[in-house]
1. Check LYS220 against each of (1) within 27 Å of PRO123 (Cα to Cα); (2) touching a residue at least 24 places away in the same chain (Cβ under 8 Å) and name the one condition it does not meet.
2. I need the full set of residues from region 64-96 which are of a type in the set (Asp, Glu) and either in contact with a strand residue (DSSP E or B) (Cβ under 8 Å, 6 or more places away or on another chain) or at pLDDT 85 or above (or both), in order please.
3. Of the residues ARG158, ARG162, only one is open to solvent by 50 Å² or more (accessible area, probe 1.4 Å) and not in a helix (DSSP H, G or I); which?
4. When you go through (1) surrounded by fewer than 14 Cβ atoms within 10 Å (Cβ to Cβ); (2) under 23 Å from SER51 (Cα atoms); (3) of a type in the set (Phe, Trp, Tyr) one by one for TYR175, which number turns out not to apply?
5. Give the residues of region 203-229 that are within 11 Å of ALA11 (Cα to Cα), within 16 Å of the chain's Cα centre (by Cα) and not aromatic (Phe, Trp, Tyr), sorted by residue number.
6. When you scan region 192-227, how many residues do you find that are part of a loop (DSSP other than H, G, I, E, B) and either acidic (Asp, Glu) or open to solvent by 60 Å² or more (accessible area, probe 1.4 Å) (or both)?
7. Taking ASP182, is it within 26 Å of VAL88 (Cβ to Cβ) and either free of Cβ contacts under 8 Å to residues at least 12 places away in the same chain or over 18 Å from the mean Cα position of the chain (by Cα) (or both)?
8. Output the number of the condition that GLU172 fails; it satisfies all remaining conditions of (1) under 22 Å from THR17 (Cα atoms); (2) at pLDDT below 95.
Amino acid sequence: MQLRKVIRIRALLLAKTGLRIGMSRDQMAIGDLDNPVIRNPLTDEPYIPGSSLKGKLRYLLEWSLGGDYILKAKERHVYASPDPQDPVARIFGLAPENDPKGLEVARHRGPTRLLVRDAYLTPDSKEELERTIARGGYLTEIKQEVFIPRLGGNANPRTTERVPAGARFQVEMVYRVLDDLDEAYFGKYLMRALELLELDGLGGHISRGYGQVYFLRPGKPLEAQEGLDLKERLEIQEVSLAG
């Protein structure tokens, strides 16, 4: 087993509708938002954690494959396939302690193939979003929603923070290729997961219209990329480590 090459994927992730990736709230003060977005603690800017993006890609791929990935998944735990050639475990990783056949299968499978970086706002997108400060959020919008009890009673208002439609984030992923199977899985499974992400969504409240995203090739306008296949909208660079 040897690292042959890495495939670097770069793209802009466009929020076609408002995007919300929430943060946990241990405490809430009077007047706080009900549902704030996650922010960089140093800059206070909203961002997309690599774990959120990678986790959603894995979830979508598992559901597209079905079978044991759904039927044998345990509460809060992914299905741990005993097959060292399992595409989900190879691409997204599987902790050795969760492997049903222990370290031997984990060694044969090798390291996680896909690395996903945290995605931050592009400089021009940040500049555009500065105007949201006048509407109550910093680089975000505050959306008012109302929960209406089905059996009567008073409507309950709630406030949700989200990144406005049109925001763009800089996405980078690295895919490790150790053998021919990894090469095949890149096109067959990882690209499928990325396509499914555009069809589904990212973050919370997707069924209510949030989280529609679209990948764009950096440096090219949106109008020139609408309708192109996904692979044409990604910047894919192969770095050979042979020799």
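The values are calculated or read from the model by the stated rules, or taken from the named source; none is laboratory data. If you're wondering where the values come from, they're calculated on a predicted model, not measured in any experiment. Cβ coordinates were reconstructed from backbone atoms using ideal geometry, including for glycine residues, and neighbour counts include every protein chain displayed. For accessibility, only protein heavy atoms count, side chains too; no ligands or nucleic acids. Shrake-Rupley method; radii C 1.70, N 1.55, O 1.52, S 1.80 Å.
1. That leaves (2) as the condition not met.
2. Once the filter is applied, which keeps residues that are of a type in the set (Asp, Glu) and either in contact with a strand residue (DSSP E or B) (Cβ under 8 Å, 6 or more places away or on another chain) or at pLDDT 85 or above (or both), region 64-96 yields ASP68, ASP83, ASP86.
3. Values: ARG162 fails: open to solvent by 50 Å² or more (accessible area, probe 1.4 Å).
Just one listed residue meets the conditions, ARG158.
4. (1)
5. LEU216, the sole residue that qualifies.
6. In the first step, residues of region 192-227 are kept if they are part of a loop (DSSP other than H, G, I, E, B); the result is 200-205, 209-212, 217-221, 225-227.
Among the residues that remain, those that are also either acidic (Asp, Glu) or open to solvent by 60 Å² or more (accessible area, probe 1.4 Å) (or both) are: 200, 212, 217, 219-221, 226-227.
Residues flagged as part of a loop (DSSP other than H, G, I, E, B) and either acidic (Asp, Glu) or open to solvent by 60 Å² or more (accessible area, probe 1.4 Å) (or both) within region 192-227 amount to 8.
7. On the way: within 26 Å of VAL88 (Cβ to Cβ): yes; either free of Cβ contacts under 8 Å to residues at least 12 places away in the same chain or over 18 Å from the mean Cα position of the chain (by Cα) (or both): yes.
Against the criterion (within 26 Å of VAL88 (Cβ to Cβ) and either free of Cβ contacts under 8 Å to residues at least 12 places away in the same chain or over 18 Å from the mean Cα position of the chain (by Cα) (or both)), ASP182 qualifies.
8. (2)
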